[in-house]
Amino acid sequence: MLPRKISDLLGVEWAPLDIPMSRRLQTLGATAWICLALFGEALAIYLFIKLVYSDYWWLAILYGYWMLNDIEICNKGGRTFEFARNWSWWRYFCDYFPITLVKTADLDPSKNYLFACYPHGIFSSGAYGSFATNGANFPKLFPGMSAHLIVLGGHFLVPFFRDLILALGLCSSSQESILYLLDPKRYQGNCVAIMVGGAAEALDSHPGKYKIILSRRKGFIRVAMKSGASLVPVFSFGETDVFRPIDNPENGILRRIQEKVRVWTGISPMFPLGRGVFQYSFGVVPIRTPVTTVVGEPMEVKKNLEPTSEEIDAVHAEFSKRLTELFEREKSKYLKNHEGIHLVIT
Ligand SMILES: *[C@@H]1O[C@H](CO)[C@@H](O)[C@H](O)[C@H]1NC(C)=O
């Protein structure tokens, strides 16, 4: 006997067969993105080694020589190619969820801004779509501004992969790099987006929960004060819903392994549980669920080259207050069951 519905086959919920082309392209865009995030670096290293042992080994030498000469670029403003941020891949990727970028205030293109983004989620899809690509209309919403998403410096050591992320405007997370991007003598209109909670916060990403790491994160406040750049609270509603829950309670074995790897490498080993390309029951493809990245109002920061810890704490307290206000004010627009959802700051 045939199963009554195709979804009954093998107990798996299959995607219907009559999906429009645009939705298929969106799924392809999201699948390619997660593959890039999970396997892109390993693949790039593999290709580089293949090249070394091929008849074109001299190309590998030339590239390696050039890369070593270019190694500091990730600390010196990067190398954005606007056309790479405009690829239709990113449009499909953003339309998949969809990722929506929302602004609550205009930004001044003669100033630089430090975007302090929350929450990290598993793979920061909202911040990536909004600030590493033009797929969520960054240039239309913020004319005259350039966005730079900040990631760990190690990513810029991977041949070929580094060229892609540099083209998308990404830069390294060193203090030198961020101060360079925010330096008013060098740039105007830079928006430097950092995931303040980082890899540690990713371990606490669970659907419908907003537990963030902020109390002990003061480095970004110091950088804002040193550069005099305004601080902008940014919150991605729905980011934690993009992957399914994974059972990694604190003190559990899995969590202890994740924490160990994070301490060694700076990267948290993640198990993105989402859906598959052709079915909805398992796989690494993110779940089609809306993510809204809301850019809050900028908070002026007085330039202070040598802030004391009391001065830093005062700015930190004011920023924490503004981030909480942004969350509470906006959550009803973008979260279902918002009454029961609160921002937990640790
Ligand atoms: C990228 O897209 C923006 C509009 O979204 C446009 O203004 C710009 O000229 C495009 N740049 C390139 C190099 O395609």
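Hey, what number do you get for the chain at 222 nm if only DSSP H runs of n ≥ 4 count, each worth -39500 (n - 2.57), divided across all residues, to the nearest 500? Walk me through the numbers on the way to the answer.
On the way: 11 runs with 130 residues, N = 346.
Taken over the chain, the calculation gives -11500 deg cm²/dmol.
Taking K and R as +1 and D and E as -1, what net charge do the other residues with C-beta under 14 Å from the C-beta of residue 108 add up to?
Values: positive: 103, 111; negative: 106, 297, 300.
For residues surrounding residue 108, the net value is -1.
Among the listed pairs 140/303; 185/321; 103/331, which have their C-alpha atoms separated by more than 22 angstrom in this model?
On the way: 140/303 29 Å; 185/321 30 Å; 103/331 14 Å.
With Cα atoms farther than 22 Å apart: 140/303; 185/321.
Go ahead and set up a Gaussian network model of the chain, Cα springs under 10 Å, then flag whichever of 136, 84, 60 fluctuates most.
With Cα springs under 10 Å in the chain, the top fluctuation among 136, 84, 60 is at 60.
What's the longest uninterrupted piece of the chain once you rule out the trypsin sites (Lys or Arg not before Pro) that are loop residues per DSSP with at most 11 other Cβ within 10 Å?
Details: sites that count: 4, 5, 185, 216, 302, 336.
After excluding every exposed loop site, the longest remaining stretch is 6-184.
What length, rounded to one decimal in nm, is gained on full extension from residue 50 through to residue 23, with 0.36 nm per residue of separation minus their alpha-carbon distance? Don't skip to the end; give the middle numbers.
On the way: separation 27, 0.36 × 27 = 9.72 nm, distance 3.55 nm.
In short, 6.2 nm is gained.
Classify the chain as rounded, prolate or oblate, taking a ≥ b ≥ c as the square roots of the eigenvalues of its Cα gyration tensor: rounded when a/c is under 1.5, otherwise prolate if a/b is larger than b/c and oblate if not. Walk me through the numbers on the way to the answer.
Details: a/c = 1.60, a/b = 1.17, b/c = 1.37.
Verdict is oblate for the chain.
With helices defined as uninterrupted DSSP H runs, which ones in the chain have an alpha carbon span along their own long axis of at least 30 Å and mean Kyte-Doolittle hydropathy of at least -1.0? Display every interim value, and only then the final one.
Values: long enough: 21-52 (40 Å, 1.19); 309-334 (36 Å, -1.05).
Taking the DSSP H segments of the chain (at least 30 Å long, mean hydropathy at least -1.0), we get 21-52.
Give, in nm to one decimal, the length gained when the segment between residue 273 and residue 57 is fully stretched (0.36 nm per residue of separation minus the Cα-Cα distance). Walk me through the numbers on the way to the answer.
Details: separation 216, 0.36 × 216 = 77.76 nm, distance 3.89 nm.
Between residue 273 and residue 57, full extension yields 73.9 nm more.
Please figure out what share of the DSSP beta bridges in the chain is antiparallel and state it in percent, rounded to the nearest 5. Mind dumping the intermediate values first?
On the way: 7 of 32 bridges.
Restricted to the chain, the bridges split so that about 20 percent are antiparallel.
Among 210, 63, 96, which one shows the highest mean-square fluctuation when the chain is modelled as a Gaussian network with alpha-carbon springs under 10 Å?
In the Gaussian network model the winner is 63.
Net charge around residue 196, counting only other residues with Cβ within less than 12 Å of its Cβ (Lys, Arg = +1; Asp, Glu = -1)? Please report the intermediate quantities before stating the final value.
Details: positive: 216, 217, 218; negative: 201.
Result for the local shell: +2.
Can you give the accessible area of residue 18 in Å² (nearest 10), computed on protein heavy atoms with a 1.4 Å probe?
Accessible area of residue 18: about 130 Å².
At 0.36 nm per residue, and after removing the present C-alpha to C-alpha distance, how many nm does the segment from residue 288 to residue 259 gain when stretched out fully?
Values: separation 29, 0.36 × 29 = 10.44 nm, distance 2.85 nm.
My answer for the length gained is 7.6 nm.
Give me the percent of accessible area attributable to carbon and sulfur for the chain, probe 1.4 angstrom.
Values: 10640 of 17230 Å².
The C+S portion of the solvent-accessible surface of the chain is 62 percent.
Before I look further, what does the stretch 3-147 give for accessible area per residue, probe 1.4 Å, in whole square angstrom?
Values: 7800 Å² over 145 residues.
That works out to 54 Å² for each residue.
Given a 1.4 angstrom probe, what's the average accessible area per residue across the stretch 152-287, in square angstrom?
Numbers: 5500 Å² over 136 residues.
On a per-residue basis, the stretch 152-287 sits at 40 Å².
So what's the net charge close to residue 180: Lys and Arg +1, Asp and Glu -1, counting the other residues with Cβ under 9 Å from its Cβ? Working shown, then result.
Working: positive: 76, 186; negative: 176, 183.
That works out to 0.
Just need the relative contact order of the stretch 52-155 here, percent rounded to a whole number, with Cα pairs under 8 Å and 6+ apart. Could the numbers behind the result be given before it?
Numbers: 64 pairs, mean separation 30.0, N = 104.
Averaging sequence separation for qualifying contacts and normalising by length gives 29 percent for the stretch 52-155.
Got the relative contact order for the chain handy, in percent, Cα pairs under 8 Å and 6 or more residues apart?
On the way: 637 pairs, mean separation 76.5, N = 346.
Across the chain, relative contact order equals 22 percent.
Below 8 Å, C-alpha to C-alpha, sequence gap of six or more: please give me the relative contact order for the stretch 254-346 in percent. Before the final figure, lay out the partial values.
Details: 48 pairs, mean separation 11.0, N = 93.
After rounding, I find 12 percent.
The values are calculated or read from the model by the stated rules, or taken from the named source; none is laboratory data. None of these values were measured; they are calculated from a predicted model. Virtual Cβ from ideal backbone geometry, glycine too; neighbours counted across all protein chains shown. We work out accessible area using only protein heavy atoms, side chains counted, and drop any ligands, DNA or RNA first. Shrake-Rupley method; radii C 1.70, N 1.55, O 1.52, S 1.80 Å.
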